[in-house]
Number of protein chains: 4
Amino acid sequence: MRAWCFTDGFGFESLHLVDRPDPEPGPRDVVIAMRAASLNFRDLVVLRGQHGRAVRPPLIPLSDGCGVVTATGAEVGDLAVGTRVAPAFFRNWQGGAPPQDLEAGRLGGPLDGVLATRVVAPADAVVRIPDHLSDAEAATLPCAGVTAWSALSEPRPARAGETVLILGTGGVALMALQLARVSGLRTVVTTSSDAKAERLRALGADIVIDRSATPDWARAVREATGGAGVDRVLELAGAETLPSSLKCVRTGGTILLIGNVTGNEATLFLPAILTRRVTLQSVTVGSRQDFEALVRALDLHGIRPVVDRTLPFEDAPEAFRTLETQAGFGNICVEIPGD
Amino acid sequence: MRAWCFTDGFGFESLHLVDRPDPEPGPRDVVIAMRAASLNFRDLVVLRGQHGRAVRPPLIPLSDGCGVVTATGAEVGDLAVGTRVAPAFFRNWQGGAPPQDLEAGRLGGPLDGVLATRVVAPADAVVRIPDHLSDAEAATLPCAGVTAWSALSEPRPARAGETVLILGTGGVALMALQLARVSGLRTVVTTSSDAKAERLRALGADIVIDRSATPDWARAVREATGGAGVDRVLELAGAETLPSSLKCVRTGGTILLIGNVTGNEATLFLPAILTRRVTLQSVTVGSRQDFEALVRALDLHGIRPVVDRTLPFEDAPEAFRTLETQAGFGNICVEIPGD
Amino acid sequence: MRAWCFTDGFGFESLHLVDRPDPEPGPRDVVIAMRAASLNFRDLVVLRGQHGRAVRPPLIPLSDGCGVVTATGAEVGDLAVGTRVAPAFFRNWQGGAPPQDLEAGRLGGPLDGVLATRVVAPADAVVRIPDHLSDAEAATLPCAGVTAWSALSEPRPARAGETVLILGTGGVALMALQLARVSGLRTVVTTSSDAKAERLRALGADIVIDRSATPDWARAVREATGGAGVDRVLELAGAETLPSSLKCVRTGGTILLIGNVTGNEATLFLPAILTRRVTLQSVTVGSRQDFEALVRALDLHGIRPVVDRTLPFEDAPEAFRTLETQAGFGNICVEIPGD
Amino acid sequence: MRAWCFTDGFGFESLHLVDRPDPEPGPRDVVIAMRAASLNFRDLVVLRGQHGRAVRPPLIPLSDGCGVVTATGAEVGDLAVGTRVAPAFFRNWQGGAPPQDLEAGRLGGPLDGVLATRVVAPADAVVRIPDHLSDAEAATLPCAGVTAWSALSEPRPARAGETVLILGTGGVALMALQLARVSGLRTVVTTSSDAKAERLRALGADIVIDRSATPDWARAVREATGGAGVDRVLELAGAETLPSSLKCVRTGGTILLIGNVTGNEATLFLPAILTRRVTLQSVTVGSRQDFEALVRALDLHGIRPVVDRTLPFEDAPEAFRTLETQAGFGNICVEIPGD
């Protein structure tokens, strides 16, 4: 098999295409011939060597990808060779509460990721993917897709008639927008470009707010909700926007903490939380059960993740650079060839 | 004011149109000039005098109706004269867990109901109704509408991609079908008439099963779900269908107990529940908060309750007789004139 | 290894002590030298051949047991040789919603059980057990203990000040009583023997009702709760008692369906459920996460399961016969020798 | 009646003892002859005029108090004259989700509070209080008591065996400690005084950490939990301690945001939340239903709130000064005489 690998450090200079022995499945494992992978902001943090001590080279990057089962262990009953699947983001979270060693089970660091021609995974950490999706589309599901699903499901599922504010136009944001729409939610999305605003409306956004044209976008959000504020904010940006997100949420509402693209150190004005019973809940992707629930929804509604572009396997480093610009609309993917 | 009233007993022979003094609002009350009312199966049970000792004549029947605020008490701040509203089914359930004296707070028995030209109600037991609904449509919301909402919200809200089985074509069933559709659920509905099957499909039912043509409809439901069973059953029929409903629900699924039209004494095969972690939860309409959540969903999606027919106030007894036939599709309503 | 096995049918006549090759662990498995096992009512159903088609001979019976890890697979990181553990009841339920193939993952049928000197199990389906318990005590946890835990945790955890009614004095009942006590619940327990009543009080039962002396025990329960009824009923008996249990539960309360010792066909009076928003939820043991939560509670409070008696391995059939009499107080266990 | 009142501004100089006409009950109101009141940190914020525009003089301060019903309106059925009761903190929150105008319903600002000889309140915003409590003890329940209850109940009730970290020794902290103990939780409490440490142990604290002697108390907390962290933090202090609280909570755990005594502007390190699925939920006292659930628990277990001291009505300003020192252990109360 071939794989991209941070061989002896992080950064572009340490990211090399290497040859490795083909993986062998244990009795409860499957081997997957990967077909596509997809990048998340976390993969940039890994590239920059900023992900903490547990994530160390040598490491095959990327958590999100899909492929086809090519071999199964002796005890694997329900995943036939030829099935198109994606490995779950966490190898150790089947459902319920997250395990205490959650961080140890992540693909793309500390565990080897999916930017490889072949991957081995436990059969119970692998999910079938919908037929109507291209490989690149399906590759976006394990982290970006499941995160969007969880963000609309926690702490309890959003219900038709509620309003959700989605910050941004990355892969999680656009999947959340599509899921919110089929779930009967009213959607408010912020962006900073006219062209993206147009595309958001085409995807079904009820209200699009241009942050460039509307610096006080929090006020615009409140006005769009008759002054009450939204039921739920998908806080994908982080330190810079969190204070405004807090102004957007209604009494009793929830801010889902998802991203920290704009910074790690957020300032919270406590009285605005304390007197209005606001919940801030982090979304840490989700379990295999969440992934399966997402797949059912995509299947029923024919939803397709938005892929901004797909680069060839050989140009994988370029995919990281493209993601860094944050200029995209949706997911940046990499095609993976047969070996 | 004028009202229909069970004057000194139950049954059609005791149901009379009477004159009563106009109600005066207390400091936290509103007076509503009623415009329409709607019947539920429970109203038949009251008519038949089978509702238990707490429900006694004299009694103005019917829990579901809407009207316009004509007077407000001194402490009522947020409900202006002229607002179109519906009284909540329970006068004593604002939200959260049901109060222990829940049954004492029901309109249409033991409390006087809405089949009257004027009704007085506490301002916090009254809900604004959507502008896009006719009076008759809005009249169906307090019991039938809220019941449908609760049946998709308990014990936790249904999520896009899940499958719900709805038994029948009464007011609750058709509202649940419409709500399920905008919530992204897959819907399976049973009926016993070709004509109704056609209308169910027009309302968006994904799968319609004709119980006349398919006596083993439980098997048909399982086949429609790849053998797994549905996530949720809206059990609107009662004793006759419950054993089949149990066969339709998947492991870990929920049966919402709502109606008992087909009988009160149901037989449950316990092993089928015990080994598959099935929940049976009764839906007892819902709180004022549930009503408000329903209204938001109807507003956003422009959903209209299905009204089978609307009879004039003078023919109110005929409305009971029509409901008794169970031949209708949706709600049986009564128009209420100004006085 | 040696094991009791239903070799070619069910019933006592088919239950034989056999020799089998020692199990080898796969990469993610552990081998456990069993020390004790414990019986549940379900094991009698298996013995009688009444458990349905999926449970077939040859079969090693019993789901509940504990032992010591003697070997671990290459990928097992956190379970050292020498650790005392119990296999989880379900091999395929880590947490969250039960899997659709839940029934296929049960020990003691359809999977081989624990009445054997050695058992192999996936490391993620095995739980460390508290030091303060004897082997026999620990053996009762996987099904009886976890069931009691779930019965106080679903659909949401019981809170201090609530009242729980527990029917009976078997292993689940007595563990539930002890857990309820440390959780601050008020406990009402029914029994039919003076001697047992005494022991229930010693275990901390707040109110003990003798069903022999008080045939209308449902009324006694209501009176003990000021007429309101209990928040939660642990329905361990089944068809015979369910109608009375329904009379005992308060408006908005929950009946946890757990046992069917007294029969499979229960009759439900629907109006008593429909008008009072009662939930009937089955308890199907629980997941590995539930087991771990139970262990934390036992550890903190030094709770010990009640063992009625422990029989030697060679007399295992006698343990089934003892359970059949239903005369015991707590769990019937079997000691398992080294091989 | 007599009352303390911020007559034309805030601060001690505007706090005067005034005479007012006795209140008259509306049809659904009760009049309460107050017997005791209790102070919370929020009352200091009001005194300082820092509570925002909605809270304006003239204003009778304090939200927490108890008294005896002396008159009832015509429609009040279940609260007899002579019943000892406490008004709920929020006049407009019966149960379920908090209403959108939650802040408008608070006693002690913007609504008149309880530092008065007579108070009128809606019967459904009043709760009976346990017989075993003194007036001063009972006076602490509406805000301090209910906040402690909610902090152990949200987002789902804590379960026996879990560990809770409680910061401080004010009224909320000490009630939470006592409730946690009867609920079977393991408790870790921080303080900065030897004398208080002793009293905390006497109240049942499992682990007491002296923050003066242990500046890195977050590390001490983690060590006390085997490195895993606690399930739940009651964050009563605010800006200064929140970063440490975040280090104390386990993966998947919850920080209940309750107080801001140490400052309003908290800094959050987002990655520590995002990768470990931590929830921060504010506790905004609770609903009347929460209050009633608290009362049941206090009743069953004979729990008594800790009263640091009780001052005479005439010295009410001194009670504010005492609270300002933060040197107390438990609640600062005021006796209210008959008029």
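The values are calculated or read from the model by the stated rules, or taken from the named source; none is laboratory data. Owing to the predicted nature of the structure, the values given are computational and were not obtained by experimental measurement. All Cβ positions, glycine included, derive from the backbone under ideal geometry; neighbour counts span all protein chains shown. The protein model used for the area step is the full one, side chains on, heavy atoms only, and it has no ligands, DNA or RNA in it. Shrake-Rupley method; radii C 1.70, N 1.55, O 1.52, S 1.80 Å.
Of the residues making up region A:86-118, those that are of a type in the set (D, E, K, R) and more than 12 Å from every other protein chain (Cβ to nearest Cβ) are A:D112, A:R118. Among the residues of region D:210-229, is there at least one that is in contact with a strand residue (DSSP E or B) (Cβ under 6 Å, 6 or more places away or on another chain), assigned to a strand (DSSP E or B) and at pLDDT 95 or above? No, region D:210-229 has no match at all. Within region C:324-338, the set of residues being modelled with pLDDT of 95 or more and open to solvent by 30 Å² or more (accessible area, probe 1.4 Å) comprises C:E335 only.
Of A:D206, A:D216, all but one fail to be surrounded by fewer than 17 Cβ atoms within 10 Å (Cβ to Cβ), of a type in the set (D, E) and assigned by TED's automatic domain parsing to the domain that holds A:I166; the exception is A:D216.
Let's see how each residue does on (1) within 23 Å of the chain's Cα centre (by Cα); (2) modelled with pLDDT under 95; (3) among the charged types (D, E, K, R):
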site: B:L15; (1), (2), (3): yes, no, no
site: B:S38; (1), (2), (3): yes, no, no
site: B:A71; (1), (2), (3): no, no, no
site: B:G77; (1), (2), (3): no, yes, no
site: B:P87; (1), (2), (3): yes, no, no
site: B:Q94; (1), (2), (3): yes, no, no
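Checking the stated criteria, B:F291 turns out to be open to solvent by less than 20 Å² (accessible area, probe 1.4 Å), within 14 Å of chain A (Cβ to nearest Cβ) and more than 30 Å from C:T147 (Cα to Cα).
The residues of region C:282-299 that are free of Cβ contacts under 8 Å to residues at least 40 places away in the same chain and in contact with a strand residue (DSSP E or B) (Cβ under 7 Å, 6 or more places away or on another chain) amount to a single one, C:S282. For region B:232-250, a tally of residues being at the interface with chain C (Cβ under 7 Å from one of its Cβ atoms) and open to solvent by 10 Å² or more (accessible area, probe 1.4 Å) returns 2. Of all the residues in region C:1-29, those that are outside any loop (DSSP other than H, G, I, E, B) and not polar (S, T, N, Q) number 13.
Selection within region B:294-320: residues that are touching a helix residue (DSSP H, G or I) at 6+ places or on another chain (Cβ under 7 Å), over 17 Å from B:V126 (Cβ atoms) and within 10 Å of chain A (Cβ to nearest Cβ). The member of this set that is most open to solvent (accessible area, probe 1.4 Å) is B:H301. For region D:98-138, the tally of residues that are polar (S, T, N, Q) and at pLDDT 95 or above stands at 2. B:A239 falls short on exactly one of the conditions (1) within 21 Å of C:L246 (Cβ to Cβ); (2) touching a Pro at 6+ places or on another chain (Cβ under 9 Å), and that condition is (2).
Taking region C:249-331 and the strands (runs of 3 or more DSSP E) fully enclosed by it, the elements with 1 or more residues that are under 18 Å from the mean Cα position of the chain (by Cα) are at C:249-257, C:279-282, C:307-311. Scanning region D:126-156 for residues that are within 12 Å of D:I258 (Cβ to Cβ) and β-branched (V, I, T) gives D:V146, D:T147. Within region D:38-71, restricting attention to residues that are away from every other protein chain (no Cβ under 14 Å) and of a type in the set (V, I, T), the residue that is most open to solvent (accessible area, probe 1.4 Å) is D:T70.
Comparison of B:G253, B:G263, B:G286 shows that the only residue that is open to solvent by less than 40 Å² (accessible area, probe 1.4 Å), within 14 Å of chain A (Cβ to nearest Cβ) and farther than 22 Å from B:F89 by Cβ is B:G253. Filtering region D:271-281 to residues that are surrounded by 22 or more Cβ atoms within 10 Å (Cβ to Cβ) and either more than 14 Å from chain C (Cβ to nearest Cβ) or out of contact with any strand residue (DSSP E or B) (no Cβ under 8 Å at 6 or more places or on another chain) (or both) leaves D:I273, D:V278, D:T279, D:L280, D:Q281.
For beta carbons closer than 8 Å, sequence separation of 6+ or different chains, a first residue in region C:152-175 that is on the phi > 0 side of the Ramachandran plot and of a type in the set (D, E, K, R) and a second that is open to solvent by 10 Å² or more (accessible area, probe 1.4 Å) and modelled with pLDDT of 95 or more, there are no qualifying pairs. Residues that are among the charged types (D, E, K, R) and either assigned to a loop (DSSP other than H, G, I, E, B) or more than 18 Å from A:A319 (Cβ to Cβ) (or both) were ranked within region A:44-69; the one that is nearest to the chain's Cα centre (by Cα) is A:R48. Of all residues in region B:18-64, exactly one satisfies the criterion of being hydrophobic (A, V, I, L, M, F, W, C) and at positive phi, namely B:L62.
Just so you know, in region B:82-141 the residues that are assigned to a loop (DSSP other than H, G, I, E, B) and acidic (D, E) include one that is most open to solvent (accessible area, probe 1.4 Å), and it is B:D131.
Picking from residues in region A:168-191 that are under 16 Å from A:W217 (Cα atoms) and either open to solvent by less than 10 Å² (accessible area, probe 1.4 Å) or in a helix (DSSP H, G or I) (or both), the one that is farthest from the other protein chains (Cβ to nearest Cβ) is A:T191. Can you find a residue in region C:150-164 that is within 14 Å of another protein chain (Cβ to nearest Cβ), open to solvent by less than 40 Å² (accessible area, probe 1.4 Å) and farther than 30 Å from B:D101 by Cβ? Within region C:150-164 (the criterion being within 14 Å of another protein chain (Cβ to nearest Cβ), open to solvent by less than 40 Å² (accessible area, probe 1.4 Å) and farther than 30 Å from B:D101 by Cβ), the answer is yes, since at least one residue qualifies.
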